[in-house]
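**Student:** Input: one structure, supplied below.
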Amino acid sequence: MTAKVAILGASSPLGLGVRGRSYGVRVGESLGPGAEILQLSRSALTVADVEPSTLEQIREFAPDLIILSFGAAEAYVHPSRFLQALLDRFAPQSWRGPGGMEPRPYYSNARLKRLRQCLVSRAKVQVKRLIIACTGGFHRLPSAEFAARLREVLDQLGPAQKVLVGLWRVDDYMFPRSNPLLARNNALARDIAAERDDVLFISTADEVRYWDDFLADHAHLNDHGHDRIAEMILEATRSDRLTGTKPPC
């Protein structure tokens, strides 16, 4: 029987920086050449942004396995809402939006273009750090709202086996004040998974190498990092052959 895998989340489940071959895609590929993969992740997507139509699309797809991860886009600390609004209106296009002030995860191979990208990326980090130091910054979704919405999404995804991929820490310099919120959301996701028989939680924080498994921004995984998470998902699901029953702890 052809395996069907649905993937939902933000930039890491999307496979940013690894040509779209995220850990979810790698899991799907390992299940056989005929495996069907439904990729519905989107960069900067928070769990509150998941539309009812997206959940309906997943239910209609009737996957054997749903791989999802949320909590990072919700936790990253951004400049103050007021200053972010000014940047979104007046700054260059590449500085706008939820990821506009974040460092680049990868750079061009062309020497001059790479140099320019490096300088701009460093400037963004410096400006962001200054603004956050002065204003405290903000994150896009409070943890209580994150937990409530995550429960709702899991309830509405249907009966398929679900794998909830946990969060890892990021570079404090490039993402100031974000790690405590990431740790909080990770703990909430773990506890929510423990409440349910249809959800496996994959704890990643101590399983990836800092920073060998990461791209240049020390937040997104490189190929080796995605391979590692894919191996963990396969190991966790192999014992129950995607039947929806949690393997023994």
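**Student:** On a full-extension model of 0.36 nm per residue, what is the gain between SER30 and ARG116, subtracting their alpha-carbon distance, rounded to one decimal in nm?
**Tutor:** Extra length from SER30 to ARG116 when fully extended: 27.1 nm.
**Student:** Work out the FRET efficiency for LEU130 and SER203 from their Cβ-Cβ distance, taking R0 = 41 Å, and round it to the nearest 0.05.
**Tutor:** Calculated value: 0.75.
**Student:** Can you pull a Stokes-Einstein diffusion coefficient for segment 1-95 at 4 °C (1.567 mPa s), Rh from Kirkwood over Cα pairs, as a whole number of µm²/s?
**Tutor:** It comes out at roughly 87 µm²/s.
**Student:** Is the shape of segment 61-181 best called rounded, prolate or oblate, per the rule: a/c under 1.5 gives rounded, else a/b larger than b/c gives prolate, else oblate, with a ≥ b ≥ c the square roots of the Cα gyration tensor eigenvalues?
**Tutor:** Taking the square roots of the gyration eigenvalues as a ≥ b ≥ c, segment 61-181 is prolate.
**Student:** For segment 73-160, report the accessible area per residue in Å² (1.4 Å probe, heavy atoms, rounded to an integer).
**Tutor:** 57
**Student:** Shifting gears a bit: Sorted by average packing, counted as other Cβ atoms within 10 angstrom per residue and highest first, what order do 34-44, 103-113 take?
**Tutor:** 34-44, 103-113
**Student:** Stick to the Cα atoms of segment 5-55, pair each with every other, and give me the Kirkwood hydrodynamic radius in Å at one decimal.
**Tutor:** Answer for segment 5-55: a Kirkwood hydrodynamic radius of 11.3 Å.
**Student:** With r defined as the distance between the Cβ atoms of ARG177 and LEU234 and R0 fixed at 30 Å, what FRET efficiency is calculated, to the nearest 0.05?
**Tutor:** Plugging the Cβ-Cβ distance into 1/(1 + (r/R0)^6) gives 0.30.
**Student:** Calculate for the chain the 222 nm mean residue ellipticity that helices alone would give, adding -39,500 (n - 2.57) per DSSP H run of length 4 or more and normalising by residue count, nearest 500 deg cm²/dmol.
**Tutor:** -13500 deg cm²/dmol
**Student:** With every protein chain left in place, what is the accessible area of THR237 in Å² (1.4 Å probe, nearest 10)?
**Tutor:** 10
**Student:** Find, to one decimal place in angstroms, the Kirkwood hydrodynamic radius of the chain, where the mean of 1/r is taken over every pair of different Cα atoms and then inverted.
**Tutor:** After inverting the pairwise mean of 1/r, the radius is 18.7 Å.
**Student:** Still on this structure: Could you work out, for segment 113-249, what percent of all Cα-Cα pairs fall into each 10 Å distance bin, beginning at 0 Å and stopping at the bin that holds the largest distance?
**Tutor:** 11, 32, 33, 17, 7, 0
**Student:** In nm, to one decimal, how far is the ALA148 label point from the GLU60 one, both placed 7 Å along Cα→Cβ?
**Tutor:** Roughly 3.0 nm, to one decimal.
**Student:** Follow-up question, since we're still on this one. May I ask you to give the percent of accessible area on segment 1-124 that is carbon plus sulfur, with a probe radius of 1.4 Å?
**Tutor:** Solvent-exposed carbon and sulfur of segment 1-124 make up 55 percent of the total.
**Student:** Mind ordering 159-166, 70-77 by average Cβ neighbours within 10 Å, highest first?
**Tutor:** The densest-packed peptide leads the list: 70-77, 159-166.
**Student:** Only Lys, Arg, Asp and Glu count, each charged at its Cβ (+1, +1, -1, -1), so figure out the dipole size of segment 42-160 about its Cα centre, rounded to 20 debye.
**Tutor:** 1180
**Student:** Can you give the relative contact order of the chain as a percent, counting alpha carbon pairs under 8 Å and 6+ residues apart?
**Tutor:** That works out to 23 percent.
**Student:** Counting pairs of Cα atoms in segment 41-102, how many percent are more than 16 Å apart?
**Tutor:** For segment 41-102, the share of Cα pairs beyond 16 Å comes to 57 percent.
The values are calculated or read from the model by the stated rules, or taken from the named source; none is laboratory data. Please read these numbers as outputs of a predicted model, since none were measured by experiment. Neighbour counts run over all protein chains shown; Cβ positions are idealised from the backbone, glycine included. Surface areas here come from the heavy atoms of the whole protein model, side chains and all, with no ligands, DNA or RNA. Shrake-Rupley method; radii C 1.70, N 1.55, O 1.52, S 1.80 Å.
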